[in-house]
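Here's the structure, in structure tokens; my notes come after.
Any read-out appearing in this document is the output of simple, stated calculations on the displayed coordinates, not a laboratory observation. This structure is a prediction, so every number in the text was calculated from the model and none was measured. Note: ideal-geometry Cβ built from the backbone for every residue, glycine included; neighbour counts use all protein chains shown.
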Amino acid sequence: MTSKLTEKDQWAAFSKALTCSKEIKPTGDGWKTIPELMVLFDLANDNTKKRTRTGLKAGMLEVFEGKEYRAGRLVRAAWYRPIKR
């Protein structure tokens with residue numbers, strides 16, 4: 001019985017270590033995620049993604065890939081901002 005408790009405690013510690021992972025977010029001003037851009041420009045998800053791809057290909061946007069918490073989970077995310085010329 002004690003070995004099961006020990007194993008359960010090990011899994012609990014492992015799970016806690018995973019959930020305590022750090023967010024990796026960009027520093028500086030002007031960074032927006034796709035959901036933020038959707039609200040800002042009042043566009044649907046598909047149109048927002050098409051416009052960001054076009055901006056990236058044209059060299060008008062820069063991208064930062066990191067991690068953030070969404071709905072209680074640590075997920076990969078991308079932030080975009082215009083390149084200042």
* **Karplus (6.51, -1.76, 1.60) ³J(HN,Hα), θ = phi - 60°, over segment 43-54, in Hz, Gly and Pro reported as x** => 10, 6, 4, 5, 5, 5, 5, 4, 5, 5, 4, 4
* For n ≥ 4 DSSP H runs only, could you compute -39500 (n - 2.57) per run for the chain, divide by its residues and tell me the 222 nm figure to the nearest 500? => -14500 deg cm²/dmol
* Taking segment 23-82 and dividing mean pair separation by its residue count, relative contact order in percent (alpha carbons under 8 Å, at least six apart) -> 42
* Asked: On full extension of the chain, what length is gained from Lys49 through Ile34, given 0.36 nm per residue of separation minus the C-alpha to C-alpha distance?
  -> 4.7 nm
* Given the convex hull of the Cα atoms of segment 23-82, what is a quarter of its surface area in nm²? -> 4.2
* What list of ³J(HN,Hα) couplings, whole Hz, do you get for segment 70-85 from phi and the Karplus terms 6.51, -1.76, 1.60, once you set θ to phi - 60° and write x for glycine and proline? -> 9, 6, x, 10, 7, 10, 6, 8, 10, 10, 10, 8, x, 7, 7, 10
* To do: Rank the residues Phe41, Phe64 as a footprinting-exposure proxy: fewest other Cβ atoms within 10 Å of their Cβ go first.
  => Phe41, Phe64
